[in-house]
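Read the structure below first, then the notes.
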Amino acid sequence: MASNDNSSHVQSQSNANNTNNSNAILDTLSDDQRQCLHEFCTVTNEESIEAAVRILKSREWNVQFAIQAFYEPGYTDQQLAASTESSENDVTQGDSQVRRRRNAAGTQQEQSIGDTAGSDSTDSVSRNRPTTIAAVVPAFSWFPLFTWPFHLVFRVSTFMIKAVLTLVGLQRIASAGIPGGRNVSSSGSGSGSDPASRDAAEFRRYFEESFGTDHPPFFTGTYARALEAARRDLKYLLVVVWSKEHDNARLFGQVLTHPDLVSYLSQREFLVWVGDVSCAEAFGVATTLGATRYPFIALGGYTSQLYPATGIRQGGERYKLKIFVRLDGLPSDIPSDTLARSLIRTIRGPVERVNQTLSAARREQQEREAARRIVEQQDRAYQESLARDKERERQMRERDELERTMRESEERRLEEEKRKQDLVKQWKWATFARIQSQEPVDINALPKGAAGKLNLRLEDGTRTLTVFSAEATLQDVFDFVETRDVAAEWEASGGKAPYGEDDLALIEMPEDYEHEYDFALVSQFPRAVFEDRAANLKEQLSAKGLWPSAALIVEPLFEPEE
């Protein structure tokens, strides 16, 4: 009794130390690192915070890489061995994950599926985990001194054989018989996917060639992805690890293809992951789950509970993987039909016990998913409505901007047109003032031929008779015609200018303005057009026989607008 009390006291003290160490490690982690730690422990079911943190640090806190490293054979041994160099306490209390699970598997009670042939369910066998492992110092022996040459020859021969097989593309044959052997073929060969996916595809092809295509739906992916799918969809995960070289491989293949088992495992609640122990991933899974004999079968599922290992609580409850059934090996003296039905009963028992809990969790998950979809739909509708409002506002702004631009353009056009009209008006008045300031020509007082009479028909159809001296130019005639409207306004106003000046001489010619004439002087008979305004009037008319008396028509250069 004293010994038992001491053992309990040591165990309690060890647990307390582990808890304190875990809390101290968690205090040094950031929020992102705590999240990575929680995801890693959820997928791998690792209970040691220190070991999980060590693996995550070795993979730079990449959860996917850390999970793959967790299932690599020997990797956890190396990580835990490194910790023993830094802490003496870890030497007495820590051990590799593989050795701990093998010791636990060695102490478990073997469960034979043949004993459950008539029962409705089978409970999982509990395993005891050692709390401390004493360091063993091997005794000195002369035997290795005599055997090392043979060992060296064996290692060299094995290496050369594998190298030759690799060169001819048969690396899969080279590693098939080695537990935990790794596919080292180049990434450019095959389908280009990861080795675990290629192993799953090759195993499926092998199984269908050997036993047919009528089998449960195998999960085509890595074990970590199968765990994630089971956690996400809250399904039962049936893990099957076997060896093609085992004596019972043919029998177990017949069990997996049994119609009743295929129909039962084809339900939506199950995910079936199958692997060959000769592959690295399947070997790591078998080692993690503590498989001792093959074929190895484990039924697990995620149950809703608080996960105390990391101390992380985000939203309260978390889902943790729990193994309901585990079977190591199959009896070879029982028919495949009996084994298949017994396996169904073995699986159905725990499934019926936890099915209500998982169904409630699934309903809750579906409700959360439905609520999430509703929120997404509402948010999408809001975003679409907001986008429509923004588009409507944008169109209104563009329309207002266009209207403003057109209005400003029209205002500038009107201002420019008014400025031109003002310049034309000022030029006409200044030209009229110049004409008025000249002395009138008296044709009777001048010798014959020194002046000439012009009968002008204006654009409006009115006629005017005027006299020009022989020294006048066509420019004088054009200016006289262009100022007829101004002259009419001057006479109608009683001699008042529109600028408030009674003296026309005060009206100045506009600067930087060149007047454009929109008409020409034409003689109908003979037909002649006079356009050279700088030419002498007498010379131009005399050449046509129209001097000293001529009848000219003011003909517009452009058709008048309707």
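Just to be sure I understand, how many residues within the stretch 228-238 are open to solvent by 10 Å² or more (accessible area, probe 1.4 Å) and either over 23 Å from Q267 (Cα atoms) or assigned to a loop (DSSP other than H, G, I, E, B) (or both)?
Within the stretch 228-238, residues that are open to solvent by 10 Å² or more (accessible area, probe 1.4 Å) and either over 23 Å from Q267 (Cα atoms) or assigned to a loop (DSSP other than H, G, I, E, B) (or both) number 1.
If you go through the stretch 184-211 one residue at a time, how many are at pLDDT 85 or above and not in a helix (DSSP H, G or I)?
0
Scan the stretch 282-298 residue by residue and report those that are closer than 18 Å to E245 by Cβ and either assigned to a loop (DSSP other than H, G, I, E, B) or in contact with an Asp or Glu (Cβ under 8 Å, 6 or more places away or on another chain) (or both).
Matches in the stretch 282-298: A282, A291, T292, R293, Y294, P295, F296.
If we keep just the residues of the stretch 252-263 that are part of a helix (DSSP H, G or I) and open to solvent by less than 30 Å² (accessible area, probe 1.4 Å), which is nearest to D214 (Cα to Cα)? Write out each step before concluding.
Initial filter on the stretch 252-263 (part of a helix (DSSP H, G or I)): 252-256, 259-263.
With the extra rule that they be open to solvent by less than 30 Å² (accessible area, probe 1.4 Å), the set shrinks to 252-253, 255-256, 261-262.
Numbers: F252: 14, G253: 11, V255: 11, L256: 9, L261: 11, V262: 8 Å.
Going through the qualifying residues, I end up with V262.
Looking at the stretch 477-498, I want the residues that are touching a residue at least 40 places away in the same chain (Cβ under 8 Å) and farther than 30 Å from Q540 by Cα and have a partner that is assigned to a loop (DSSP other than H, G, I, E, B) and open to solvent by less than 30 Å² (accessible area, probe 1.4 Å) with Cβ atoms under 7 Å, at least 6 apart or on another chain. Which pairs are those?
What qualifies is A497/I507.
Working carefully through the options L474, L446, L458, L454, find the one that is among the hydrophobic types (A, V, I, L, M, F, W, C), at pLDDT 90 or above, over 60 Å from the mean Cα position of the chain (by Cα) and open to solvent by 20 Å² or more (accessible area, probe 1.4 Å).
Values: L474 fails: open to solvent by 20 Å² or more (accessible area, probe 1.4 Å); L446 fails: at pLDDT 90 or above; L454 fails: open to solvent by 20 Å² or more (accessible area, probe 1.4 Å).
Within the list L474, L446, L458, L454, the selection yields L458.
Report, ordered by the first and then the second residue, all pairs with beta carbons closer than 7 Å, sequence separation of six or more or different chains, a first member in the stretch 279-298 that is open to solvent by less than 10 Å² (accessible area, probe 1.4 Å), and a second member that is of a type in the set (D, E).
A282/D276; G284/E72; F296/D328
Looking only at the stretch 477-491, which residues are part of a helix (DSSP H, G or I) and either open to solvent by 30 Å² or more (accessible area, probe 1.4 Å) or touching a helix residue (DSSP H, G or I) at 6+ places or on another chain (Cβ under 7 Å) (or both)? Lay out the reasoning, then the answer.
At the first step, the residues of the stretch 477-491 found to be part of a helix (DSSP H, G or I) are 477-482, 484-491.
Of everything in the stretch 477-491, those that are part of a helix (DSSP H, G or I) and either open to solvent by 30 Å² or more (accessible area, probe 1.4 Å) or touching a helix residue (DSSP H, G or I) at 6+ places or on another chain (Cβ under 7 Å) (or both) turn out to be V477, D479, F480, E482, R484, D485, V486, A487, A488, E489, W490, E491.
A quick yes/no check of all residues on (1) under 27 Å from R225 (Cα atoms); (2) modelled with pLDDT of 80 or more; (3) open to solvent by 80 Å² or more (accessible area, probe 1.4 Å):
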{"site": "V10", "(1), (2), (3)": "no, no, yes"}
{"site": "S22", "(1), (2), (3)": "no, no, no"}
{"site": "V43", "(1), (2), (3)": "yes, no, no"}
{"site": "E50", "(1), (2), (3)": "yes, yes, no"}
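If we scan the stretch 542-550, do we find a residue that is in contact with a Lys or Arg (Cβ under 9 Å, 6 or more places away or on another chain), open to solvent by 60 Å² or more (accessible area, probe 1.4 Å) and either of a type in the set (D, E, K, R) or closer than 27 Å to P447 by Cα (or both)? Explain how you work it out, then say what you get.
Just the residues of the stretch 542-550 that are in contact with a Lys or Arg (Cβ under 9 Å, 6 or more places away or on another chain), to begin with: 547-550.
Restricting the remaining residues to those that are open to solvent by 60 Å² or more (accessible area, probe 1.4 Å) gives 549.
Now drop any that are not either of a type in the set (D, E, K, R) or closer than 27 Å to P447 by Cα (or both), which leaves 549.
Scanning the stretch 542-550 turns up at least one residue that is in contact with a Lys or Arg (Cβ under 9 Å, 6 or more places away or on another chain), open to solvent by 60 Å² or more (accessible area, probe 1.4 Å) and either of a type in the set (D, E, K, R) or closer than 27 Å to P447 by Cα (or both).
Which one of the conditions (1) touching a helix residue (DSSP H, G or I) at 6+ places or on another chain (Cβ under 6 Å); (2) not in a helix (DSSP H, G or I) does A433 fail to meet, given that it meets all the rest?
(2)
Among the residues of the stretch 214-227, are any farther than 28 Å from A69 by Cβ, not small (G, A, S) and not in a loop (DSSP other than H, G, I, E, B)? Give the derivation first.
Looking only at the stretch 214-227, we keep the residues that are farther than 28 Å from A69 by Cβ, and these are 214-217.
Next cut, not small (G, A, S) only: 214-217.
Filter once more, so that each one left must be not in a loop (DSSP other than H, G, I, E, B): none.
No: zero hits.
Being in a strand (DSSP E or B), touching a residue at least 24 places away in the same chain (Cβ under 8 Å) and open to solvent by less than 60 Å² (accessible area, probe 1.4 Å) is the requirement here; does L521 meet it? Break it down into steps so the answer makes sense when it comes.
Working: in a strand (DSSP E or B): yes; touching a residue at least 24 places away in the same chain (Cβ under 8 Å): yes; open to solvent by less than 60 Å² (accessible area, probe 1.4 Å): yes.
In short, yes.
Considering V241, V274, which residue is part of a strand (DSSP E or B), more than 20 Å from F40 (Cα to Cα) and open to solvent by 10 Å² or more (accessible area, probe 1.4 Å)? Reasoning before the result, please.
Numbers: V241 fails: open to solvent by 10 Å² or more (accessible area, probe 1.4 Å).
Of the residues listed, the single one that is part of a strand (DSSP E or B), more than 20 Å from F40 (Cα to Cα) and open to solvent by 10 Å² or more (accessible area, probe 1.4 Å) is V274.
Can you find a residue that is part of a loop (DSSP other than H, G, I, E, B), among the polar types (S, T, N, Q), surrounded by 11 or more Cβ atoms within 10 Å (Cβ to Cβ) and touching a residue at least 24 places away in the same chain (Cβ under 8 Å) anywhere in the stretch 529-537?
As a first pass, look at the stretch 529-537 and keep what is part of a loop (DSSP other than H, G, I, E, B): 531-535.
Subsequent filtering for residues that are among the polar types (S, T, N, Q) retains none.
Within the stretch 529-537, none of the residues are part of a loop (DSSP other than H, G, I, E, B), among the polar types (S, T, N, Q), surrounded by 11 or more Cβ atoms within 10 Å (Cβ to Cβ) and touching a residue at least 24 places away in the same chain (Cβ under 8 Å).
Being in a strand (DSSP E or B) and either within 18 Å of F519 (Cα to Cα) or open to solvent by 90 Å² or more (accessible area, probe 1.4 Å) (or both), is that true of even one residue in the stretch 406-418? Let's see the steps before the verdict.
Looking only at the stretch 406-418, we keep the residues that are in a strand (DSSP E or B), and these are none.
Checked against the condition, which is being in a strand (DSSP E or B) and either within 18 Å of F519 (Cα to Cα) or open to solvent by 90 Å² or more (accessible area, probe 1.4 Å) (or both), the stretch 406-418 yields no hits at all.
Answer with yes or no whether L506 is aliphatic (A, V, I, L, M) and either modelled with pLDDT of 90 or more or crowded, with 16+ Cβ neighbours inside 10 Å (or both). It would help to see each step written out before you state the result.
Values: aliphatic (A, V, I, L, M): yes; either modelled with pLDDT of 90 or more or crowded, with 16+ Cβ neighbours inside 10 Å (or both): no.
So L506 does not fit the description; no.
Kindly list the number of the only condition in (1) more than 30 Å from P259 (Cα to Cα); (2) in contact with a helix residue (DSSP H, G or I) (Cβ under 9 Å, 6 or more places away or on another chain) that fails for D328.
For D328, the failing item is (1).
Please pick out the residue among F480, F519 that is more than 60 Å from the chain's Cα centre (by Cα), of a type in the set (A, V, I, L, M, F, W, C) and closer than 25 Å to I443 by Cα.
Working: F519 fails: closer than 25 Å to I443 by Cα.
Criteria check complete, one pass: F480.
Kindly list, by first and then second residue, each pair from a residue in the stretch 427-447 that is closer than 11 Å to L504 by Cα and small (G, A, S) to a residue that is part of a helix (DSSP H, G or I) and modelled with pLDDT under 90, limited to pairs with Cβ atoms under 8 Å and residues at least 6 apart or on different chains.
Sorted first by the residue in the stretch 427-447, then by its partner, the pairs are A433/L504; A433/A505; S437/L504; S437/A505.
Please go through the stretch 323-378 and pick out each residue that is of a type in the set (A, V, I, L, M) and in a loop (DSSP other than H, G, I, E, B).
Taking the stretch 323-378 first, the residues of a type in the set (A, V, I, L, M) are 323, 325, 327, 330, 334, 339-340, 343-344, 347, 351, 354, 358, 360-361, 370-371, 374-375.
Within the stretch 323-378, L330, I334 meet the criteria.
Could you list, in sequence order, the residues of the stretch 52-72 that are assigned to a helix (DSSP H, G or I), open to solvent by 50 Å² or more (accessible area, probe 1.4 Å) and more than 13 Å from T288 (Cβ to Cβ)? Before you say what the answer is, go through the steps one by one.
Quick first cut of the stretch 52-72, residues assigned to a helix (DSSP H, G or I) only: 52-58, 63-70.
Going one step further and asking which of them are open to solvent by 50 Å² or more (accessible area, probe 1.4 Å), we end up with 57, 64-65, 68.
Once the filter is applied, which keeps residues that are assigned to a helix (DSSP H, G or I), open to solvent by 50 Å² or more (accessible area, probe 1.4 Å) and more than 13 Å from T288 (Cβ to Cβ), the stretch 52-72 yields K57, Q64, F65.
It is to be established whether one or more residues within the stretch 284-293 are touching a Gly at 6+ places or on another chain (Cβ under 6 Å) and within 18 Å of L321 (Cβ to Cβ). Lay out the reasoning, then the answer.
Taking the stretch 284-293 and keeping what is touching a Gly at 6+ places or on another chain (Cβ under 6 Å), we get 293.
This time we only want the ones that are within 18 Å of L321 (Cβ to Cβ), so: none.
Scanning the stretch 284-293, I find no residue that is touching a Gly at 6+ places or on another chain (Cβ under 6 Å) and within 18 Å of L321 (Cβ to Cβ), so the answer is no.
Of all the residues that make up the stretch 207-218, how many are open to solvent by 30 Å² or more (accessible area, probe 1.4 Å) and either over 38 Å from the mean Cα position of the chain (by Cα) or of a type in the set (A, V, I, L, M, F, W, C) (or both)?
Initially, the stretch 207-218 is screened for residues open to solvent by 30 Å² or more (accessible area, probe 1.4 Å), giving 208-211, 213-214, 217.
In the following step, the residues that additionally are either over 38 Å from the mean Cα position of the chain (by Cα) or of a type in the set (A, V, I, L, M, F, W, C) (or both) were identified as 208-211, 213-214.
Selection size over the stretch 207-218: 6.
Looking at G301, G311, G315, which is the one that is open to solvent by less than 80 Å² (accessible area, probe 1.4 Å), assigned to a loop (DSSP other than H, G, I, E, B) and either modelled with pLDDT of 80 or more or among the small types (G, A, S) (or both)? Reasoning before the result, please.
Values: G301 fails: assigned to a loop (DSSP other than H, G, I, E, B); G315 fails: open to solvent by less than 80 Å² (accessible area, probe 1.4 Å).
After ruling out the rest, the residue left standing is G311.
The values are calculated or read from the model by the stated rules, or taken from the named source; none is laboratory data. Owing to the predicted nature of the structure, the values given are computational and were not obtained by experimental measurement. Cβ coordinates were reconstructed from backbone atoms using ideal geometry, including for glycine residues, and neighbour counts include every protein chain displayed. What goes into the accessible areas is simple: the full protein's heavy atoms, side chains included, and nothing from ligands, DNA or RNA. Shrake-Rupley method; radii C 1.70, N 1.55, O 1.52, S 1.80 Å.
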